[in-house]
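Contents: one structure, followed by commentary.
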Amino acid sequence: MDSMAKLAEIEQSFKKEVETCHDIQHLEDIRIKYLGRKGELTTVLRSISSLSIQEKKEVGRQANILKNLFSDKLTEVKEVIDDKRELQKTARIDVTLPGIPVKPGTVHPITKIMSQINDIFISLGFRIAEGPEIESEFYNFEALNIPLDHPSRDAFDTFYLDDKYLLRSHTSNVQIHVMQNQSPPLQVIMPGRVYRPDAVDATHSFMFHQVEGLMVGENIKFPNLKGVLETFCKSMFGSETKTRMRPHFFPFTEPSAEVDISCIICKGKGCRVCSGNGWLEILGAGMVNPKVFQAVGYDAKKYSGFAFGMGVERIAMLVYGIEDIRLFYENDIRFLKQFV
Ligand code: DAH
């Protein structure tokens, strides 16, 4: 092998070895192997005297270039290794440093109010039930005595998914599921999301929450409904809260009523929130229509019951004095963190 080829081979193997070198001792071994007194490159340099003048020039020049290149590379790798060592020393975990605080989240105001509502009814002997948000017309309408051509169906404006399914427009659908699966007596509350294609503004949203209630048994009468709702309103809005019932129409209850509470802002004197009349409407209720019992196969002669439904956003807005429903859904931390 001539000397130039030998140099090329030395360069190759040096590069390979230095690339994979990660510690100082190994680096020193490489230096000795190539640049030491008996090193491979040193040996070539020593043998130059035996070469022809032409070769001497060529090989001498190349060998010196490599000598500089090797020592530069060795210095460079040494620095990298030293830096790493230094970093490892200082990067050790200091367990005495104070920790980085994790900010706890807060319960969403809608979830808070919904749990408060649930808790009050649970204390009155009700159990929680849930039902599907994607629903058939039977559960959302027909079984609740709202036939296809019934004008009241407009009041429950609905998102249709296809010919068969829709997004439930109220939680009353769960009444039907519960009654199909359980026999009386029963006392259930049914919290959940509902959907209506309303234009979004300060008091409307295409999605909101309701809590539905249902009690069925023998001899359940209107005063039982009144008692339960009055107890609920006092627990929810304060013991001084008055309630009143106004006749209303719902297809699934007969008779039906809308329930008002004395305004929690002005205590019934009249203010902007209650439009000056001292009362706030908060829920719909009534005695279960016998037609609903028929739809689920209950004996309408033997059993009677009451039902009610309320909007959670409306109650949360009243309790917290929030004037725009959209604030609940914008996920603005500055708003949400106020409800601890
Ligand atoms: N489903 C009604 C609505 O969305 C609320 C309601 C009224 C539910 C009267 C009831 C009830 O169970 O008896 O407006």
Please list, in chain and number order, the residues 5+ apart from C263 or on another chain whose amide H is under 5 Å from its amide H, with Hs placed from the backbone.
G268, W279, L280
For the range 168-235, divide the Cα radius of gyration by the Kirkwood radius and give the resulting Rg/Rh value with two decimals.
1.07
Going by a ≥ b ≥ c, the root eigenvalues of the Cα gyration tensor, does the chain fall in the rounded group (a/c under 1.5), the prolate group (a/b larger than b/c) or the oblate group?
prolate
Taking Cα pairs under 8 Å and at least six residues apart, what relative contact order does the chain come out at, in percent?
15 percent
Which whole-number percentage describes the relative contact order of the range 17-150, with Cα contacts under 8 Å and a sequence gap of 6 or more?
15 percent
Rounded to the nearest 5, what % of DSSP beta bridges with both residues in the chain are antiparallel?
95 percent
Tell me, how many Å apart are the Cα centres for the range 233-272 and for the range 5-53?
95 Å
Would you mind counting up the charge near H177? Only other residues with Cβ under 10 Å from its Cβ, with Lys and Arg at +1 and Asp and Glu at -1.
-2
Phi-derived 3J(HN,Hα) across the range 10-16 with the Karplus relation (6.51, -1.76, 1.60, θ = phi - 60°), rounded Hz, x for Gly and Pro, is 4, 4, 4, 6, 4, 4, 4
Distance from the range 215-229 to the range 60-80 (C-alpha centre basis), Å:
96 Å
Could you run the Karplus curve 6.51 cos²θ - 1.76 cosθ + 1.60 with θ = phi - 60° over the range 255-261 and give me ³J(HN,Hα) per residue in whole Hz, x for Gly and Pro?
x, 10, 8, 9, 10, 10, 10
Taking every DSSP beta bridge with both residues inside the range 184-340, roughly what % is antiparallel (nearest 5)?
100 percent
Eight or more residues apart or on different chains, and alpha-carbon atoms under 23 Å: count the Lys pairs in the range 41-186 matching that.
6
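Throughout, read-outs are computed from the coordinates displayed, never taken from laboratory work. Treat the numbers as computed from the prediction; the structure is a model and nothing was measured. Positions of Cβ are backbone-derived with ideal geometry, glycine not excepted, and every protein chain shown enters the neighbour counts.
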